[in-house]
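The values are calculated or read from the model by the stated rules, or taken from the named source; none is laboratory data. All of these numbers come straight from a predicted model, not from anything done at the bench. Cβ placement follows ideal geometry from the backbone for every residue including glycine, while neighbour counts extend to all protein chains displayed. Calculation scope for accessible area: heavy atoms of the full protein, side chains included, ligands and nucleic acids excluded. Shrake-Rupley method; radii C 1.70, N 1.55, O 1.52, S 1.80 Å.
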Amino acid sequence: MAFTVGLVGAGQFAGQFATLFHHHPGVSAVHVTDVVPSRAADLVHSAGLDGTFDTFDEMLASPVDAVAIFTQRWTHGPLVVKALRAGKHVYSAVPMAISTEEIAAIIEAVRETGLTYMMGETSYYNPATVFARQKLASGEFGRLFYGEGDYVHDMDLGFYEAYQYSGGADWKSTASYPPLLYPTHSIGGVLGAWPTHATAVSAIGVVDQRGDGVFDRAVSQFDNDFSNATALFELDAGGSMRVNEFRRVGYPSHLRESRFRWFGTEGSFEQLATTTVWQNRTGVEDISHLIDTRSSLSTDDAALARIAPALREAFVSGYAEVHEADRGRIPTELGSLPNGHEGSHHFLVDDFVRAVNEQTLPPVNAWQAARFTLPGVIAHESARRGGERLIISDFGDPRV
């Protein structure tokens, strides 16, 4: 049975998902609200959607069945809880929230309402993560003991423009958003393949030296001056995970902004910007042809006009060969539409729609989202304390 969706936020990211929700056969109507009403109206017009609401509260008071939240990253937690308490299913862009308390409140609301919550973590369908899941399931890793995820995206490659678009006159205060509070692309990629969770962390932050008012504690809304950070986690399954969140880095993030490594007793996986290999004791196999994605749209397409040119590659990357086994479940109505973020967009929308319509848990449900998000929150605190080892709580797994 098809249901209705209300998009909250009509910025650069929302437009891509608006089209997918609109064409999914499990969705009957899509409405939009934004604090800048003209943006909502423009999106409805350009994507052929069904209408706007003046405010978030007006949307929650309407018969809309579900909301998809695409607001600024530090706002998600309270909006999600408010929507769940209003009786709406929720799809949320990353991160889940920015504090332990906000994450706990979401899980409590999901448990009490019985509604669907899903975090749209693109790295869960990153080709590297999909490949590693397959190798782990087949036993070819042996026992995993180490994982590594990098989210390496320089501020100069589109992030200045993105923060200016969303932040208004005070954009520098929000552009200082702490790297480890946006950890789900790195952590979610590693743990999206390895079913475990972090139990403790020690992290180091690198104080920015650009001097342009971004990552300046006197300006920052978040009292943050770290532009780069590294965290080393202990894992419940035994072994460790390291993540790097870099915003000042000489690296071609338009080629591959998230990259991964896993080491097991029988096999290992390693990734660079343009090369991916599978290794075991007998040798090295270049598997780049399985992992590299195909473009689903020209970066010059008019649909990308509001997206900074340096960010457009992420919004057009389609399927990789390793996705072929799962593509059969994607509705034909979505198959010919633009994809993005390493071929993940189609899968994410379909996961949410199926979970709502079939009353099942999506892969990145509230408990899994907490395992992708909370470690970064605690890691940021560790970095602020000079690398102090801190314990990470776990909210469990409802399927166990």
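Quick notes on this structure:
- Some residue of segment 65-88 being touching a strand residue (DSSP E or B) at 6+ places or on another chain (Cβ under 7 Å), modelled with pLDDT of 95 or more, on the phi < 0 side of the Ramachandran plot and among the acidic types (Asp, Glu): yes
- Meets criteria (modelled with pLDDT under 95 and within 24 Å of LEU272 (Cα to Cα)) for THR293: no
- Test: residue in segment 301-313 that is of a type in the set (D, E, K, R), part of a loop (DSSP other than H, G, I, E, B), over 23 Å from the mean Cα position of the chain (by Cα) and modelled with pLDDT under 95: yes
- Only one entry of ASP300, ASP326 meets the criterion of being touching a residue at least 60 places away in the same chain (Cβ under 8 Å) and of a type in the set (Asp, Glu), and that entry is ASP326.
- Here LEU361 meets each of (1) open to solvent by 40 Å² or more (accessible area, probe 1.4 Å); (2) among the aliphatic types (A, V, I, L, M); (3) in a helix (DSSP H, G or I) with one exception, condition (3).
- Exactly one residue out of ALA128, ALA97 is in contact with a His (Cβ under 9 Å, 6 or more places away or on another chain) and at pLDDT 95 or above, and it is ALA97.
- For THR332, the stated conditions hold: it is farther than 27 Å from ASP154 by Cβ and open to solvent by 20 Å² or more (accessible area, probe 1.4 Å).
- Some residue of segment 368-390 being of a type outside the set (Asp, Glu), in a strand (DSSP E or B) and over 22 Å from LYS88 (Cα atoms): yes
- Failed condition for ALA10, given (1) out of contact with any Lys or Arg (no Cβ under 6 Å at 6 or more places or on another chain); (2) buried (at least 21 other Cβ atoms within 10 Å of the Cβ): (1)
- Among the conditions (1) assigned to a loop (DSSP other than H, G, I, E, B); (2) closer than 16 Å to ALA379 by Cβ, ASP216 misses just one, which is (2).
- Count - residues of segment 237-267 that are open to solvent by less than 20 Å² (accessible area, probe 1.4 Å) and free of Cβ contacts under 8 Å to residues at least 60 places away in the same chain: 1
- Filtered residues of segment 89-122 (kept if under 20 Å from SER186 (Cβ atoms), touching a strand residue (DSSP E or B) at 6+ places or on another chain (Cβ under 9 Å) and of a type in the set (Gly, Ala, Ser)): SER92, ALA93, GLY120
- Segment 1-32: number of residues that are among the polar types (S, T, N, Q) and under 15 Å from LEU60 (Cβ atoms): 1
- Test: GLY158 is touching a helix residue (DSSP H, G or I) at 6+ places or on another chain (Cβ under 7 Å) and at pLDDT below 95: yes
- Meeting the requirement of 2 or more residues that are farther than 30 Å from PHE215 by Cβ, the strands (runs of 3 or more DSSP E) wholly within segment 235-275 are 258-264, 268-271.
- Some residue of segment 83-98 being closer than 23 Å to GLN368 by Cβ, open to solvent by 20 Å² or more (accessible area, probe 1.4 Å) and under 22 Å from the mean Cα position of the chain (by Cα): yes
- Within segment 273-284, the residues that satisfy the criterion of being surrounded by 13 or more Cβ atoms within 10 Å (Cβ to Cβ) and free of Cβ contacts under 8 Å to residues at least 60 places away in the same chain are ALA273, THR275, VAL277, GLN279.
- Flag if VAL322 is modelled with pLDDT of 95 or more, in contact with a His (Cβ under 9 Å, 6 or more places away or on another chain) and either acidic (Asp, Glu) or surrounded by 17 or more Cβ atoms within 10 Å (Cβ to Cβ) (or both): no
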